[in-house]
Amino acid sequence: MNGQVRRSFRYRFYPTEAQAAELLRTFGCVRKVYNLALRERVDAWTQRGERIGYDATSALLTAWKRTDELAFLKEVSSVPLQQALRHLQAAFGNFFAKRARHPWFKSRKNSRASAEYTRSAFRWREGVLTLAKMAKPLDIRWSRPLPEGTVPSTVYVSQDRTGRWFVSLVCDDPGVTPLPAVDSAVGVDLGLDHLLVLSTGEKVGNPRHGRRDRAALARAQRSLCRKQKDSANRDKARVRVARLHARIADRRSDFLHKVTTRLVRENQTLVIEDLPVSNMVRNRHLARAISDAGRRQFRQLLEYKAGWYGRQVVVVDRWFPSSKLCSVCGALVAALPLHVRMWTCACGTTHDRDVNAARNILAAGLAASVCGADVSPQRNTPSGLSAMKQKPCGASRRTLLGHEREEVNL
């Protein structure tokens with residue numbers, strides 16, 4: 001890893017009434033500009049077949065400010081409005097690259113309230129942050145120090161559904177450097193009874209954060225449904241529901257941060273499965289438990305921390321038969337129902353289903369990392385070690401057909 005790592009440090013802050021009013025006004029203007037620009041871009045394409053970009057919408061923003069109807073856009077800082085147009089441009093870029101869906105309009109009730117300030121729109125002096133259009137600095141609770149000698153390049157201000165205010169400072173962190181190399185590697189099998197099962201035999205329990213507050217959340221949801229629409233009592237009930245969801249999410253995030261940091265510090269290579277979380281949550285019997293486990297967040301945290309500290313994350317194909325493959329002799333059993341947690345191979349070895357899967361994931365990932373290849377299943381061979389489609393070392397990155405499979409000696 002070359003150069004410094006750019007990190008975001010998030011803190012809570014408590015605005016004055018004037019600051020809160022200014023920020024809420026800014027959030028509304030940002031949302032308005034984003035929706036207007038999105039409408040212009042959609043109409044230009046559907047009506048005239050014309051594709052317009054950031055420069056055209058920026059010129060439109062100048063024209064909008066001169067109209068009587070949208071003159072209120074001049075009352076807030078212009079930088080968050082310009083950044084909203086850049087975010088829209090990035091959203092369309094992701095859409096055209098098929099990395100995301102088509103951008104949609106922002107709603108006051110359902111979208112996240114936030115604004116982005118670049119270096120020209122805030123003042124930073126000796127740990128005191130003052131935003132544009134504000135006379136007083138923000139009252140920030142410094143839960144952890146910023147890297148010494150750094151100056152924020154970008155500031156994000158947001159308010160969540162519970163009414164909490166957050167400020168995120170983007171800085172270059174010189175303290176993030178690659179860790180000393182170690183010889184250990186670990187395979188990780190994700191589950192529900194246990195959140196993680198490692199190839200070493202260790203099992204990390206599933207805290208089930210959502211289950212702890214399920215009864216309280218159900219009561220709060222029922223109370224919310226009984227309130228009259230657009231009433232003050234309904235808004236209070238909505239905040240109570242949002243606070244429960246925020247508490248669950250905060251506990252889950254804290255736990256996953258601690259687990260992933262430990263795994264990255266202790267292992268040089270980490271092998272995981274490419275699980276289709278978006279498809280798995282369609283199972284109505286398991287959707288709640290899968291969402292509560294935070295599998296997608298686990299992978300995201302593991303990958304970016306590995307990049308920070310010079311570790312390697314290898315992802316094994318989702319169809320690799322890790323559970324049905326004997327990690328000792330390589331035999332592949334025909335069927336292994338989910339309720340079977342312990343099974344005995346023909347070679348006489350008794351396996352814990354999850355530990356055996358983690359060991360097979362590790363072996364497959366190491367083979368793939370050595371040869372620079374992808375690992376995917378073979379469905380018609382009884383041998384476990386030949387149950388991987390493995391490309392030869394130095395081969396082009398393409399999917400091999402069934403007759404091109406090779407045995408991999410581990």
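If the condition is being among the β-branched types (Val, Ile, Thr) and surrounded by fewer than 17 Cβ atoms within 10 Å (Cβ to Cβ), then the stretch 260-276 contributes only 261. Mind checking which residues of the stretch 146-169 are surrounded by fewer than 16 Cβ atoms within 10 Å (Cβ to Cβ) and within 15 Å of residue 116 (Cα to Cα)? Hits for the stretch 146-169 are 153, 166.
Give, as residue ranges, the strands (runs of 3 or more DSSP E) completely inside the stretch 170-252 that count at least 3 residues that are farther than 20 Å from residue 291 by Cα.
Working: elements: 185-190, 194-198, 203-205.
Answer list for the stretch 170-252: 185-190.
As a summary of the residue check, residue 155 satisfies the conditions (1) touching a strand residue (DSSP E or B) at 6+ places or on another chain (Cβ under 7 Å); (2) in contact (Cβ under 8 Å) with a residue 60 or more places away in the chain except for the one numbered (2).
Pairs meeting the criteria (first residue in the stretch 322-340 and in contact (Cβ under 8 Å) with a residue 24 or more places away in the chain and over 12 Å from residue 350 (Cα atoms), second residue of a type in the set (D, E, K, R) and not in a strand (DSSP E or B), beta carbons under 6 Å, at least 6 apart or on different chains) are 323/353; 332/324.
All of (1) more than 23 Å from residue 151 (Cα to Cα); (2) surrounded by fewer than 18 Cβ atoms within 10 Å (Cβ to Cβ); (3) more than 29 Å from the chain's Cα centre (by Cα) hold for residue 76 with one exception: (2).
Rundown of residues vs (1) under 22 Å from the mean Cα position of the chain (by Cα); (2) farther than 30 Å from residue 362 by Cα, yes/no style:
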site	(1), (2)
151	no, yes
162	yes, yes
174	no, yes
202	no, no
223	no, yes
232	no, yes
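Take the conditions over 30 Å from residue 136 (Cβ atoms) and part of a helix (DSSP H, G or I) and apply them to residue 63. Does it pass? So residue 63 passes the test. Of all residues in the stretch 172-192, count the ones that are more than 19 Å from residue 146 (Cα to Cα), touching a strand residue (DSSP E or B) at 6+ places or on another chain (Cβ under 9 Å) and surrounded by 13 or more Cβ atoms within 10 Å (Cβ to Cβ). Qualifying residue count for the region: 7.
For the structure I just gave you, tell me whether residue 316 is in contact (Cβ under 8 Å) with a residue 40 or more places away in the chain and in contact with an Asp or Glu (Cβ under 7 Å, 6 or more places away or on another chain). Yes; evaluated as a whole, the condition is true for this residue.
For residues in the stretch 1-33 being farther than 20 Å from residue 137 by Cα and touching a Phe, Trp or Tyr at 6+ places or on another chain (Cβ under 8 Å), which is surrounded by the most Cβ atoms within 10 Å (Cβ to Cβ)? If you could, list the steps in order and put the result at the bottom.
Going through the stretch 1-33, the residues farther than 20 Å from residue 137 by Cα turn out to be 1-7, 28-33.
Adding the requirement that they be touching a Phe, Trp or Tyr at 6+ places or on another chain (Cβ under 8 Å) leaves 1, 5, 29, 33.
On the way: 1: 11, 5: 17, 29: 22, 33: 26.
Filtering first and then ranking leaves 33.
No lab work stands behind these numbers, since they all come straight from the coordinates. Because the structure is a prediction, the values reported are computed rather than measured. No Cβ is skipped: glycine too gets one built from the backbone with ideal geometry, and neighbour counts run over all protein chains shown.
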